[in-house]
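The values are calculated or read from the model by the stated rules, or taken from the named source; none is laboratory data. None of the values given here were measured: they were computed from a predicted structure. Heads up, the Cβs are rebuilt from the backbone with ideal geometry, glycines too, and the neighbour counts pull from every protein chain shown.
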Amino acid sequence: MDIPKANLPKALDIPQIYFRPPTPDVPAYKPMIIPPADLERPKETEAEETSEQPEPPSLKIPVLDIQMPIPETAVVVTAVTTAVVAVATTSITQTLFEPIKKKVQKQLQAKVNKWKENQKKKKDSSTKSKTE
């Protein structure tokens, strides 16, 4: 018997995907060691001597006989940086806004002059009508 055979196309070659499941990052912390409340220094050790803070540097003004404290470096750097930024910003904005200011002033002055002329004309016309 003759059984017909189906001519099927070859299967597509689909690449295999290798999937690894994600690994979680478990939070961890370094344990904090809290000493007991009744903790004492061992008897064979000596207590550490505490040293006083050194006196801050100061500048002596000879004529007035006054000691002026000298500020820390960080304070001076911060103040100088702030002053430089403020001066630079003011200088830049002044040069940028000066032309704009002049144009706006011209326009406003023109409108004010026109308004004054209109007021003067109204006043002149009202005085003419009263005299007639």
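Can you confirm whether region 24-35 contains a residue that is more than 30 Å from THR73 (Cβ to Cβ) and at pLDDT below 85? Among the residues of region 24-35, at least one is more than 30 Å from THR73 (Cβ to Cβ) and at pLDDT below 85, which makes the answer yes.
When PRO4, PRO9, PRO54 are checked against the criterion of being within 38 Å of the chain's Cα centre (by Cα), in a loop (DSSP other than H, G, I, E, B) and without any contact (Cβ under 8 Å) to a residue 12 or more places away in the chain, a single residue qualifies: PRO54. Scanning region 68-89 for residues being polar (S, T, N, Q) and loosely packed, with under 10 Cβ neighbours inside 10 Å gives a total of 1.
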